[in-house]
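One structure below.
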Amino acid sequence: MHEIGYLHLIPLLPLLGAAINLILGKRLPRPVVHFVACGVVFAAATLALNAVFGDLYPLWKAGRAGVPAVSQTVYTWLHAGDFTLNLRLVVDPLAGVMILVVTIVGFFIHVYSMGYMAHEPDYPRFFGYLNLFTGSMLILVLGDSLPVMFVGWEGVGLCSYLLIGFWYQKDHNAFCGRKAFIVNRIGDFGFLLGMFLCFVTADTLSLAELRDKADLFRTVAWLGMPIAFWVGLLLFVGACGKSAQLPLYVWLPDAMAGPTPVSALIHAATMVTAGVYLVARMNFIYILSPAVMAVVALVGAVTALYAATMGFAQNDFKKVLAYSTISQLGFMFAAVGVGAFSAGIFHLYTHAFFKACLFLCAGSVMHAMGDRGDIREMGGLRRRTPITHWTFLLSTIAIAGIVPWSGFFSKGAILAGAFGAENPAFHAVGMVVWVLLLAAALCTAFYMFRLYYLVFSGECRADEHTKAHLHESPPAMTIPLMVLAGGAVVGGLIGITMVPRIDLVSRWLAPVFGTGPGAAGAHHLSLGTELGLEALALVIAGAGIGIAWRLYHNGYSDLVKALVLSLRWAHKVVFNKYYVDELYDLLLVRPLRGLAVLCHRVLDAFVIDLVIVNGSAWAVDFLGRGAKRLQSGDVQRYLVAILVGVAGIVFFASRPSASFTAPRQARVGAPWQADASPLLRSGRELTFAWDFDGKGKFEALGARPAPHTFAKPGKHRVTLKVCDRRFGSSACRETVQKVEVTP
């Protein structure tokens, strides 16, 4: 592993930019805020390009055994006993793809934000959060150990909360930020448990050392499953939270409450791809358990189809794109779940370009519409916003999967990987995933072109005031759109799987994921089969586009209105997102809120506040007031109190005890002797009375009465009553002993 000395600057520069704008931003002119925010990301992108193509590429081209990588050990972070954890940053082929996507796409989102947020009064805070987000994502990607990754993981989670709720003055925005934060914490708990299990198993958290000790995870642990299954499942829970997969996807549509550049940054290049990156990075664990691979593939495929159907009836521009993001992430998880790790990362890379462009186009349209995002009020915008129209159309074609746009090649690689997948735990998983993804591809082409036609074709449905102010966005917004649209068009040409020589993506990532079927679960198809699958996917996409054109090419057609009326219940269910949020609210939110209220009112308000805190204060006050009255300074009262105390001591100290010794067993007709004479040694004037039949009548007197003869067998109660004649009947004690009498 080659050591270089500047890797720490790649995440550090955005973090420094965040510190400058958050601390000093209000005192700086806006051009300086622009320069700092965009400049640090541009510098990080330059260093990333140098690290990948200047330092890593020669090592990769040399083709040596192992994973080519460049690294830097910044400092020793943790040291406890025999355990040492370094803050170590590594760029291998997988991390190289990720840092280029994060920095390059992130840079253009920063540039776009200069125009979009031009009228925002809290300008420096926004760019500070963007820089902090970018730096956190770079830490996540570059970290060479799970704890370092987790620092970046939590960093992007915090920044998502800050950016989604950026306009916190509105209660809805603040609620959406909290929702994202809480749902991500659920997934993060799974990440932590998986990390702890890794440490218990391998006694290390370094990714390189975990890879070397991967055989330890084959050990069978619980329910007949190897440790690799449980580690993979727990890490996948964390990935589901961060990458919005079933059942933890509900935060992502509400993330649209933040400014549009935030949506592009979260949904395209950074946070939501973190879960896919985690699974791909831990591929050496996942391939040890076909069962957990099947879980990942099926959850991804079901999420892809499920989220795609929710785009059919949504009317909010950005929410349609949000459900599209959830669906495309499902494609990526399905890919890594069937073992096509390179295809999943390839789609992550192409998705970053066309989805960032789509979101930024949405912001450009909303900018032209006076911040309105309801597509029912749009239409006919292709003439008023030509650059936004063409860039949106190119990116829509890419996500639909039309040749030769980038989405065609990355989706085709995923479908081919699913079709050829073999899984010993679930033999049909590949075919099931392939069918679900084909259906999702049909839905994707339909709802994306539905969105395109309703926004850009037909006649504008906005009010006259809005129509009069429609305009194209400034160059600061349109130039990033053109660059990203260009990436959406040609970015897929580097990963044409049908021609191995120009399939640079698979070749580049091969050292990380392996090349053979046994290494990463990949299965190569014949050229004819792969061409047939690509043709089928193209037909499916074309069918989705055709249906969308028939229904929406000139706005809402009469057929659409008739379908909505005839299938009103189905439209209502899809429009309300299958009522999943309402179900979560009923089953989880309300019971937990009720429990919280109960704990507040009973434990906090009553037990802690009233009883413990206020009660203890009241008791101290009461005792203090009583002591105050007793301490009057009157000597006569003090003497009386002393006399009463002495009398009490004498009285209770001289009260007799009433114990005696006797055998616990006796025979019928045999004499039985009880003895209380040791009490006479105390010198007190004691009297003794005995009751041998338990009827309350004391028949015998004296400390040692004559032996008693029991007439019948069974249990008998013998009672001794001792009195002190000096104090009368108030100084008497009784004691009882049971005697077992046998024939």
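Quick note: the coordinates plus some simple rules give every number you see, no bench work behind them. Remember, predicted model here, so these are calculated numbers, not experimental data. A quick note on method: Cβ atoms are made from the backbone with ideal geometry, for glycine too, and the neighbour counts reach across all protein chains shown.
First check a/c for region 524-669, with a ≥ b ≥ c the square roots of the eigenvalues of its C-alpha gyration tensor; if it is under 1.5, answer rounded, and if not, answer prolate when a/b is larger than b/c or oblate otherwise. It would help to have the intermediate numbers written out before the result.
Working: a/c = 5.12, a/b = 2.83, b/c = 1.81.
The shape class here is prolate.
Just to verify a number: FRET efficiency for V620 and L595, C-beta to C-beta distance, R0 = 30 Å, to 0.05?
According to the calculation, E is roughly 0.35.
Which FRET efficiency value, to the nearest 0.05, is calculated for H469 and V151 with the Förster distance at 56 angstrom and r the Cβ-Cβ distance? Don't skip to the end; give the middle numbers.
Working: r = 46 Å, r/R0 = 0.81.
E(calc), rounded to 0.05, equals 0.80.
Suppose every K and R has +1 on its Cβ and every D and E has -1 on its Cβ; what is the size of the dipole of region 139-194 about the Cα centre, in Debye to the nearest 20? Walk me through the numbers before you get to the answer.
Working: 4 positive and 4 negative charges, 52 e Å.
Roughly 240 debye, rounded to the nearest 20.
State whether region 365-456 is rounded, prolate or oblate according to the following rule on the C-alpha gyration tensor (a ≥ b ≥ c being the square roots of its eigenvalues): a/c under 1.5 gives rounded; otherwise a/b larger than b/c gives prolate, and the remaining case gives oblate.
Details: a/c = 4.12, a/b = 2.63, b/c = 1.57.
It is prolate, given that a/c is not under 1.5 and a/b is the larger ratio.
Name the residue from G373, V620, L265 whose Cα lies farthest towards the positive end of the charge dipole of the chain, charges +1 on Cβ of Lys and Arg and -1 on Cβ of Asp and Glu.
Farthest towards the positive pole: V620.
Only Cα pairs under 8 Å and at least 6 apart count here; give the relative contact order of region 103-222 as a rounded whole percent.
On the way: 91 pairs, mean separation 21.3, N = 120.
With pairs under 8 Å counted, the relative contact order is 18 percent.
Determine the distance separating the Cα centre of region 290-342 from the Cα centre of region 354-396; give it in Å without decimals.
24
So who's got an amide H within less than 5 Å of the one on S243, skipping anything under 5 residues away but keeping other chains? H placed 1.01 Å off N, in plane.
Amide H to amide H, under 5 Å and 5 or more residues apart or across chains, S243 pairs with G275.
In nm, give the distance between the simple-model label positions of A700 and V646, each being 7 Å from the Cα along the Cα-to-Cβ direction.
Rounded to a tenth, the inter-label distance reads 4.3 nm.
Using the crude model of +1 on Lys and Arg Cβ and -1 on Asp and Glu Cβ, and no other charge, please compute the dipole size for the chain relative to its Cα centre, in debye to 20. Don't jump to the answer; show the numbers that get you there.
Numbers: 58 positive and 43 negative charges, 520 e Å.
Rounded to the nearest 20 debye, it is 2500 debye.
Answer with a single label: of [x] 3, 12, 20, 19, 12, 6, 3, 5, 6, 7, 5, 2, 0; [y] 2, 10, 15, 16, 16, 15, 13, 9, 4, 1, 0, 0; [z] 3, 12, 19, 21, 19, 14, 8, 3, 1, 0, 0, which was calculated as P(r) over Cα pairs in 10 Å bins from 0, in percent from the structure in view?
Checking each listed value against the structure points to [x].
Would you mind getting me the FRET efficiency between V220 and H172? Use the beta-carbon distance for r and R0 = 51 Å, nearest 0.05.
Once the sixth-power term is evaluated, E becomes 0.55.
Any idea how far the Cα center of region 631-652 sits from the one of region 224-264, in Å?
Between the Cα centres of region 631-652 and region 224-264 lies a distance of 75 Å.
Name the aspartates and glutamates eligible as straight-distance cross-link partners of K738: C-alpha to C-alpha under 13 Å, and not fewer than 8 places from it in the same chain.
The reachable aspartates and glutamates, counting only those whose Cα sits under 13 Å from K738, are D691, D693.
Measure nothing fancy, just the Cα-based angle from helix 290-310's long axis to the longest principal axis of the chain, in degrees from 0 to 90, nearest 10.
In the chain, helix 290-310 runs at an angle near 70 degrees to the longest axis.
Give me D for region 1-123 in µm² s⁻¹, whole number, from Stokes-Einstein with Rh from the Kirkwood sum over alpha-carbon pairs, 4 °C and 1.567 mPa s.
In µm²/s, the coefficient rounds to 79.
For F688, which sequence-distant residues (separation of 5 or more, or a different chain) have an amide H within less than 5 Å of its own amide H, given hydrogens modelled in the peptide plane?
G702
Subtract the Cα-Cα distance of Y578 and T73 from 0.36 nm times their separation in residues, and report this length gain in nm to one decimal. Don't skip to the end; give the middle numbers.
Details: separation 505, 0.36 × 505 = 181.80 nm, distance 4.88 nm.
Gain in length upon complete extension: 176.9 nm.
Going by a ≥ b ≥ c, the root eigenvalues of the Cα gyration tensor, does region 587-743 fall in the rounded group (a/c under 1.5), the prolate group (a/b larger than b/c) or the oblate group? Could the numbers behind the result be given before it?
Working: a/c = 5.69, a/b = 1.59, b/c = 3.58.
It comes out oblate by the Cα gyration axes.
Relative to the Cα centre, what is the charge dipole magnitude of region 107-222, using +1 at the beta carbon of each Lys and Arg, -1 at the beta carbon of each Asp and Glu, and rounding to the nearest 20 debye?
My answer is approximately 300 debye.
Going by alpha carbons, how many degrees (0 to 90, nearest 10) lie between the helix axis of 504-513 and the longest principal axis of the chain?
Helix 504-513 sits at roughly 20 degrees to that axis.
Using the Karplus equation 6.51 cos²θ - 1.76 cosθ + 1.60 (θ = phi - 60°), what ³J(HN,Hα) coupling, rounded to whole Hz, does each residue of region 574-585 give in order, writing x for Gly and Pro?
After applying 6.51 cos²θ - 1.76 cosθ + 1.60, I find 5, 4, 8, 6, 6, 6, 5, 4, 5, 5, 4, 5 Hz.
Which Cα, out of F126, H553, A541, lies furthest along the positive dipole direction of the chain (beta carbon charges, K/R +1, D/E -1)?
Going by the charge dipole, the pick is F126.
What angle, in degrees between 0 and 90 and rounded to the nearest 10, separates the Cα long axis of helix 406-419 from the longest principal axis of the Cα atoms of the chain?
With both axes taken from Cα atoms, the answer is about 60 degrees.
With a cut-off of 14 Å, note down the residues of region 60-81 whose backbone N falls inside the zone around a label point 7 Å from the Cα of D203 toward its beta carbon.
81
Work from the charge dipole of region 178-278 (Cβ charges, +1 for Lys and Arg, -1 for Asp and Glu, about the Cα centre) and give the residue of A274, F189, L248 farthest towards its positive end.
Result: L248.
Using the per-residue mean of other Cβ atoms lying within 10 Å as a proxy for protection, in what order, highest first, do the peptides 469-479, 388-398 fall? Mind dumping the intermediate values first?
Working: 469-479: 16.5, 388-398: 24.6.
Ranking the peptides 469-479, 388-398 by packing returns 388-398, 469-479.
At a 4.7 angstrom Cβ threshold, list every cysteine in the chain that has nobody to pair with, or say none.
Flagged as lacking a Cys partner: C38, C159, C176, C198, C240, C357, C361, C443, C460, C599.
Among the listed pairs K319/K411; K213/K355; K318/K411; K61/K411; K179/K467, which are separated by more than 31 Å between their Cα atoms?
Values: K319/K411 22 Å; K213/K355 38 Å; K318/K411 23 Å; K61/K411 27 Å; K179/K467 36 Å.
Pairs exceeding the cut-off: K213/K355; K179/K467.
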